[in-house]
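Notes follow once the structure below has been shown.
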Amino acid sequence: MEATCTTVRIVFEKTGPARWIGHLDVMRAFERAFRRASISIALTQGHNPRPRLRFVFPASVGLVCRADIVFADVESDPAEITPERLNGSLPPGLMARAVEPVSPADRKSALAAYEFAEYRIALTLHDEVSFDEMCAVARRVLDRDRITVARSGSAGDRDVDIRPFIADLRAERSQPAGAVFTALAHFGSEGTVKHSELGQILRAEVGHAEIGMIERTGLLSSAEATAARSAPT
């Protein structure tokens, strides 16, 4: 990386109409925002240079994201790169929440440090269920040795055990009309659990519920995930 470049970490939201924007269009939206804000961003090498943007675990279409992360290699003064400056050129629903420089020592490992996604899953209940019962639902899921789901791919249908990717699951609260769970999912080259699969698991375990809103509330490093699992319920 050139000595004049600085890597910045941008935390952003993807909500409203932007939740239906695919990853490539999200990337292009940030490229345009940098350009319109007159922020100089470093380019990749080769015949078709592109702005050096690296997204952590890009979200699937339709998923609301509250704190997603993109790293950008910039040539401008990082102190001049503010959420307000970017938000003036981002489309509705895409909003930068924070911008901070990454130390030179952490540049190479910044992207790989993130291994967990946190989800908030709401269920609409047909019958009233207590908070203790919802906590028991979470424990039953975590106590299972194997959770198999069917996935379709270019090679056909296959069964996948997603239990190794569910790092934590907790009931957040329960009300007469619904319940909310927080799930921590590991992701990486070996795979992950989809947010829709988490909703289906909980709906099946409760037995009398419908899946409501599912949001990705954060992307965490291993240390942050350990702290989240250790936090009291």
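Which Cα, out of LEU53, ALA37, PRO17, lies furthest along the positive dipole direction of the stretch 6-106 (beta carbon charges, K/R +1, D/E -1)?
The listed residue farthest towards the positive side: PRO17.
Return HIS23, HIS195 ranked ascending by Cβ neighbour count within 10 Å, so the fewest neighbours appear first.
So the residues, fewest neighbours to most, are HIS23, HIS195.
Amide H neighbours of ILE41 under 5 Å, at least 5 residues apart or on other chains, H built in the peptide plane: list them.
Sorted by chain and number, the residues that satisfy this are GLU75.
GluC sites (Glu not before Pro), restricted to the stretch 1-71: which are DSSP loop and have at most 16 other Cβ atoms within 10 Å? All intermediate terms of the calculation are to be shown ahead of the outcome.
Working: sites: GLU2, GLU13, GLU31; in loops: GLU2.
Sites meeting the loop and neighbour criteria: GLU2.
Which angle from 0 to 90°, rounded to the nearest 10, does the C-alpha axis of helix 195-206 make with the longest principal axis of the chain?
For 195-206 against the chain, the angle is about 10 degrees.
From Cα pairs below 8 angstrom and at least 6 apart in sequence, can you work out the relative contact order of the chain, rounded to a whole percent?
Contact order relative to length: 24 percent.
If I fit a long axis through the Cα atoms of helix 131-143 and take the longest principal axis of the Cα atoms of the chain, what angle between them do I get, 0 to 90°, rounded to 10?
Result, in degrees: 80.
Just need the relative contact order of the stretch 114-230 here, percent rounded to a whole number, with Cα pairs under 8 Å and 6+ apart.
43 percent
Amide H neighbours of ALA98 under 5 Å, at least 5 residues apart or on other chains, H built in the peptide plane: list them.
Result for ALA98 returns VAL11.
Taking θ as phi - 60°, what are the ³J(HN,Hα) couplings along the stretch 154-164 by the Karplus curve (6.51, -1.76, 1.60), each to the nearest whole Hz, with x for Gly and Pro?
These are the phi-based 3J(HN,Hα) values: 4, 8, x, 7, 8, 8, 10, 8, 9, 4, x Hz.
Mind putting a number on the dipole of the chain about its Cα centre? Charges go on the C-beta only, +1 for Lys and Arg and -1 for Asp and Glu, and I need it in Debye to the nearest 20.
Its charge dipole is roughly 520 debye.
First check a/c for the chain, with a ≥ b ≥ c the square roots of the eigenvalues of its C-alpha gyration tensor; if it is under 1.5, answer rounded, and if not, answer prolate when a/b is larger than b/c or oblate otherwise.
Prolate shape, in that a/c is at least 1.5 and a/b is the bigger ratio.
Please list, in chain and number order, the residues 5+ apart from ALA67 or on another chain whose amide H is under 5 Å from its amide H, with Hs placed from the backbone.
Close amide H contacts, sequence-distant or interchain: GLY218.
List the relative contact order of the stretch 1-124 as a percent without decimals, with contacts defined as Cα pairs under 8 Å and 6+ residues apart.
41 percent
Give the separation of the Cα centroids, the stretch 8-67 to the stretch 80-133, in Å.
The stretch 8-67 and the stretch 80-133 have Cα centres spaced 13 Å from each other.
Once phi is turned into θ = phi - 60°, what whole-Hz ³J(HN,Hα) does the Karplus curve with 6.51, -1.76 and 1.60 give for every residue of the stretch 86-100, x standing for Gly and Pro?
Karplus values, whole Hz, x for Gly and Pro: 6, 5, x, 10, 8, x, x, x, 9, 9, 6, 9, 7, 9, 8.
Using a 7 Å offset from the Cα along the Cα-to-Cβ direction at both VAL149 and GLU190, what is the distance between the two label points in nm, to one decimal?
1.8 nm
Relative to the present Cα-Cα distance, how much length would full extension add between THR15 and GLN200 at 0.36 nm per residue of separation?
Working: separation 185, 0.36 × 185 = 66.60 nm, distance 2.21 nm.
That pair, THR15 and GLN200, stretches by 64.4 nm at full extension.
Since every read-out is calculated from the coordinates, none of them should be taken as a lab result. On a predicted model such as this, the values are computed, not experimentally measured, just so you know. Here the Cβ is made from the backbone with ideal geometry for all residues, glycine too, and neighbour counts use every protein chain on show.
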